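Presented below is the structure to which this report refers.
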Amino acid sequence: MTDEILAVTHLEKSFGDHQVLKDINLQIRRGEVVTIIGSSGSGKSTLLRCINLLEQPTQGEITFHGENILAPKFDITTYRAKVGMVFQSFNLFNNLNVLQNCMVGQTTVLNRTPEAAREMALAQLEKVGMTPYVNAKPSQLSGGQKQRIGIARAVSMSPEVLLFDEPTSALDPEMVDDVLDSMRALAHTGLTMVLVTHEMAFARDISDHVVFMDQGVIAEEGSAEEIFTRPQKPRTQTFLKRYLQR
Amino acid sequence: MKHLRQGLIILGLILVGWLALPANASQAASNSDTFKVGMEAGYPPFNWTQTDASNGAVQIDGSSAYAGGYDVQMAKKVAHALGKKLVVVKTSWDGLAPALTSGKIDAIIAGMSPTAKRRKTIDFSDTYYASQLVIVVRKDSKYAQATKLSDFSGAKLTGQLNTYHYTALSQIKGAIKEPAMKDFPAMRVALESGTIDGYISEKPEGISVTGANPNMTMVEFKGAQGFKTKPEDTDLAIGLRKNDPDKLKINAALAQISQKERNQLMTAAVAQQPQAKSQGNWVVSLLKQYGGMLASGTGITLLISLVGTIVGFVIGLLVGIVRTIPRGGSAWRRGLLRFVDWLLSVYIEVFRGTPMIVQAAVVYYGAAQAFGWNMNRLAAALVIVSVNTGAYLAEIMRGGIIAVDSGQFEAAHALGMTHLQTMNKIILPQAIRNSLPAVTNEFVINIKDTSVLSVISVSELFFQGSTIAGQNFQFFHTYLIISAIYLILTFTITRILRWIERKMDGPQNYNLMANQNQVSNPKTSLTN
Ligand SMILES: Nc1ncnc2c1ncn2[C@@H]1O[C@H](COP(=O)(O)OP(=O)(O)OP(=O)(O)O)[C@@H](O)[C@H]1O
Ligand SMILES: [Mg+2]
């Protein structure tokens, strides 16, 4: 328990009358890759968005290093700088070029000098193979390139945890591998990652812990081995069967 | 239209008047050592604008031009009798009464008749000139030979707005009553272009036109053949604030001027009024004679529209930012935000929903009448155009902010940026870029719409143009030159802003960088 970074306990989230998350409990430990799978509408995105407070949970508790992030006095901006997010639709800043996209958070939030920010940004862009495009604007790039920049932007903030919400779902199949390779490389550096994905083979390969969500609850969880080869619950089995048949 | 506008201005003034304590007007400027006289300086031979001090002309307040004419000579005599220094304030016809009651001027000497309607708001001195109604027509028209009113049956006629000239039109049976016009230059243009067959005028103005423009003539009527008029109409008197303590002294001064002297002064005025110099190329001669006035008019128009657009842009930006602040937080904060939002939407609705000409009159004359604020004319113009532009651009900026996809807000928040940082670094640069075409549009509109500021006598381009046309009677030529200047201004400004848009967009293509060393680095670029 000492190396636990994030803990979610009895989390509930409703949009009006519609309860989307019910009694979610989840621990994320340092260096762990946690993958959340489940069918569409099961609440995976909502859970991730609650974790970095893009959504306000209705009930329950989320702690970061034991500190309740829902407490009124909690410093949300510093917390968010430590918990990065990569979006399904990239969400790059259209007014900034590639390099500036990776620098702006560092200089405004972390108060890094422009030189230090640039150095960090270039190092991360190098890792995702985007160095040649530093001068390009987001509108001039392909989806796969945009997502690799989305990753470089998040990693440039030196986060403790990185959240991925279906990072490859909006990509053409031939671009998916580039992005997955970048993520795999990140996982090997020991970065803590929480990943929502429909790429089952990748999830199986990379995950330390897999969470299966169904209709707003965690239906089953375990190691990648346990979930993918010996799923216990019928719901998990039907869900995985559909993916394996493809 | 003109009636509506006039009505709106008066309505606005009444509203402002209600807000303030009554009867603080007559104290205004009268105890100073200057005698401020308002006139159009565009109604020869009573008053006109000229470029030098010849024939006893007096410099116009806040301008390099001079006012001359019968009214100016009268004003000099009255000021002399009062022992005060004469200041001529060039004021549009519609603006004269508000300027007087609000204390911007001390007297109206502008060929104005003391009608019963006017007497309700202002007072008048004794008569300083007695006139007679005539009809000005084209020399080549069939009406040139008319001798009695009934000869004008079927003629398209008009008169100046808010004058008894126009009401006298109903005495002509069968005449087609065209809408009233703003001033004499406008009616002369209409007559020359053939949109009307004639306009009602007074004899001295008729003498002037026929003397200056060989295509026009004036029809006079003998005794019962002509208009039935009341002395209060044909007589011209000096407009004064009610209870003006100087009224007796002014009447005494007027009594000193005999009928013979008045006739002499009028004859001299008709002879002295500026004539068009029509030798050589008309463009060259117009520019030579009036280049200075045109340049200063262009300068003022540019200044007002430029400052108005920039300040309006800043106002619009701020209002747009405030109105897009997320509605979360405590109940108290939400309530405050809702109240501020309500205030701002009232501001936007009021300024978008009323004509700028009305706003100008209300702000300039209303503020003086209600609170005794004596604003500088140019400052008032700048404020009005800025606030007006701000109201338009606020909605455009709000739209520009909303148009940036919410994903970019979320990405910025997810990086740990505050709302302010997100706006500054990410959203506003895009919102501003997206709103630039609309800003260009506002700028162009402002360049043209500053012309309505003539109601508060700001000597912008259109005001100067009307003044010039009123002097030289070369309406088409003058307005053609004015149009060309407007076109050059708007065209140039559109191009400049287009160029700025392209600058903001950055290069169309990007260079591929083979390795990190090629990326320009602030540290190395200093030493290299
Ligand atoms: N802002 C919102 N307002 C109302 N309902 C919402 C909102 N966001 C999500 N929901 C609902 O919450 C439920 C869970 O949505 P969520 O996006 O978390 O699903 P998901 O598991 O990420 O699905 P997918 O795999 O399609 O991305 C859905 O029924 C969705 O309609
Ligand atoms: Mg989702």
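Restricting to the range B:228-253, what's the tally of residues that are in contact with a Ser or Thr (Cβ under 6 Å, 6 or more places away or on another chain), assigned to a loop (DSSP other than H, G, I, E, B) and open to solvent by 20 Å² or more (accessible area, probe 1.4 Å)?
Count: 1.
Here's a check for you: in the range A:9-56, which residue that is part of a loop (DSSP other than H, G, I, E, B) and open to solvent by less than 20 Å² (accessible area, probe 1.4 Å) is farthest from A:R80 (Cα to Cα)? Lay out the reasoning, then the answer.
The initial filter retains those residues of the range A:9-56 that are part of a loop (DSSP other than H, G, I, E, B), namely A:16-17, A:30-32, A:39-43, A:52-56.
Among the residues that remain, those that are also open to solvent by less than 20 Å² (accessible area, probe 1.4 Å) are: A:42-43, A:52-53.
Numbers: A:S42: 24, A:G43: 21, A:N52: 6, A:L53: 8 Å.
By that ranking, first place goes to A:S42.
Restricting attention to helices (runs of 4 or more DSSP H) lying wholly within the range B:376-426, give those where 1 or more residues are within 10 Å of another protein chain (Cβ to nearest Cβ).
B:406-414, B:419-422
Please find, among B:Q256, B:Q225, B:Q264, the residue that is polar (S, T, N, Q), open to solvent by 80 Å² or more (accessible area, probe 1.4 Å) and either in the same structural domain as B:Q369 (by TED's automatic domain parsing) or modelled with pLDDT of 90 or more (or both).
B:Q256
Is it true that B:A224 is of a type in the set (G, A, S) and more than 29 Å from the chain's Cα centre (by Cα)?
Yes; evaluated as a whole, the condition is true for this residue.
Please work out if B:A367 is assigned by TED's automatic domain parsing to the domain that holds B:F462, in contact (Cβ under 8 Å) with a residue 40 or more places away in the chain and surrounded by 22 or more Cβ atoms within 10 Å (Cβ to Cβ).
no
Just to be sure before I move on: is B:N521 within 9 Å of chain A (Cβ to nearest Cβ), open to solvent by 60 Å² or more (accessible area, probe 1.4 Å) and at pLDDT below 75 in the structure I sent?
Criteria not met by B:N521.
Within the group A:L141, A:L110, A:L122, which residue is hydrophobic (A, V, I, L, M, F, W, C) and either buried (at least 21 other Cβ atoms within 10 Å of the Cβ) or away from chain B (no Cβ under 11 Å) (or both)?
So the residue among A:L141, A:L110, A:L122 that is hydrophobic (A, V, I, L, M, F, W, C) and either buried (at least 21 other Cβ atoms within 10 Å of the Cβ) or away from chain B (no Cβ under 11 Å) (or both) is A:L122.
Which residues, counting only those in the range A:161-185, are more than 16 Å from ligand 1 (Cβ to nearest atom), touching a residue at least 40 places away in the same chain (Cβ under 8 Å) and crowded, with 18+ Cβ neighbours inside 10 Å?
Across the range A:161-185, the qualifying residues are A:V161, A:L162, A:D178, A:S182.
Can you tell me which of (1) over 28 Å from B:R119 (Cβ atoms); (2) basic (K, R); (3) in contact with a strand residue (DSSP E or B) (Cβ under 7 Å, 6 or more places away or on another chain) is the one B:K173 doesn't meet?
With (1) over 28 Å from B:R119 (Cβ atoms); (2) basic (K, R); (3) in contact with a strand residue (DSSP E or B) (Cβ under 7 Å, 6 or more places away or on another chain) applied to B:K173, the lone miss is (3).
Being surrounded by 19 or more Cβ atoms within 10 Å (Cβ to Cβ) and at pLDDT below 90 is the filter here, so list the residues in the range B:474-490 that pass it.
B:Q474, B:F475, B:T478
Within the group B:G68, B:G62, B:G56, which residue is more than 20 Å from B:L453 (Cβ to Cβ), surrounded by fewer than 17 Cβ atoms within 10 Å (Cβ to Cβ) and out of contact with any Leu (no Cβ under 6 Å at 6 or more places or on another chain)?
It is B:G56.
State the number of residues belonging to the range A:64-86 that are open to solvent by less than 20 Å² (accessible area, probe 1.4 Å) and either of a type in the set (G, A, S) or more than 16 Å from ligand 2 (Cβ to nearest atom) (or both).
Result for the range A:64-86: 6.
Check B:A276, B:A271 and return the single one that is modelled with pLDDT under 85, within 27 Å of B:T467 (Cβ to Cβ) and not in a helix (DSSP H, G or I).
Within the list B:A276, B:A271, the selection yields B:A276.
Let's see how each residue does on (1) buried (at least 20 other Cβ atoms within 10 Å of the Cβ); (2) farther than 17 Å from B:E501 by Cα; (3) in contact with a helix residue (DSSP H, G or I) (Cβ under 6 Å, 6 or more places away or on another chain):
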site: B:A391; (1), (2), (3): yes, yes, yes
site: B:A394; (1), (2), (3): yes, yes, yes
site: B:M397; (1), (2), (3): yes, no, yes
site: B:G400; (1), (2), (3): yes, no, yes
site: B:D405; (1), (2), (3): no, yes, no
site: B:A411; (1), (2), (3): yes, yes, no
site: B:G416; (1), (2), (3): yes, yes, yes
site: B:L420; (1), (2), (3): no, yes, no
site: B:N424; (1), (2), (3): no, yes, no
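One residue is enough: does the range B:427-448 have a residue meeting the conditions surrounded by fewer than 20 Cβ atoms within 10 Å (Cβ to Cβ), within 14 Å of chain A (Cβ to nearest Cβ) and among the basic types (K, R)?
Checked the range B:427-448: at least one residue is surrounded by fewer than 20 Cβ atoms within 10 Å (Cβ to Cβ), within 14 Å of chain A (Cβ to nearest Cβ) and among the basic types (K, R).
Going through the range A:14-51 one residue at a time, which ones are near ligand 1 (Cβ under 8 Å from one of its atoms) and charged (D, E, K, R)?
A:K44, A:R49
Please specify each residue of the range A:144-158 satisfying the condition of being in contact (Cβ under 8 Å) with a residue 60 or more places away in the chain and more than 9 Å from chain B (Cβ to nearest Cβ).
Across the range A:144-158, the qualifying residues are A:Q147, A:I151, A:V155.
For the range A:69-117, enumerate the residues that are in a helix (DSSP H, G or I) and farther than 25 Å from A:S142 by Cα.
A:I76, A:T77, A:T78, A:Y79, A:R80, A:A81, A:K82, A:T107, A:T108, A:P114, A:E115, A:A116, listed by residue number.
Kindly indicate which of A:S89, A:S42 is of a type in the set (G, A, S), within 16 Å of ligand 2 (Cβ to nearest atom) and in contact with a strand residue (DSSP E or B) (Cβ under 7 Å, 6 or more places away or on another chain).
After ruling out the rest, the residue left standing is A:S42.
So if I check each of B:I401, B:I348, B:I384, B:I396, which one is under 30 Å from A:M85 (Cα atoms) and touching a Gly at 6+ places or on another chain (Cβ under 9 Å)?
B:I401
The values are calculated or read from the model by the stated rules, or taken from the named source; none is laboratory data. Since this is a predicted model, take the numbers as computed values, not measurements. Methodologically, a virtual Cβ is constructed for each residue, glycine included, from the backbone with ideal geometry; neighbour enumeration extends over all protein chains shown. The accessibility values were calculated without ligands, DNA or RNA, using every heavy atom of the protein model including side chains. Shrake-Rupley method; radii C 1.70, N 1.55, O 1.52, S 1.80 Å.
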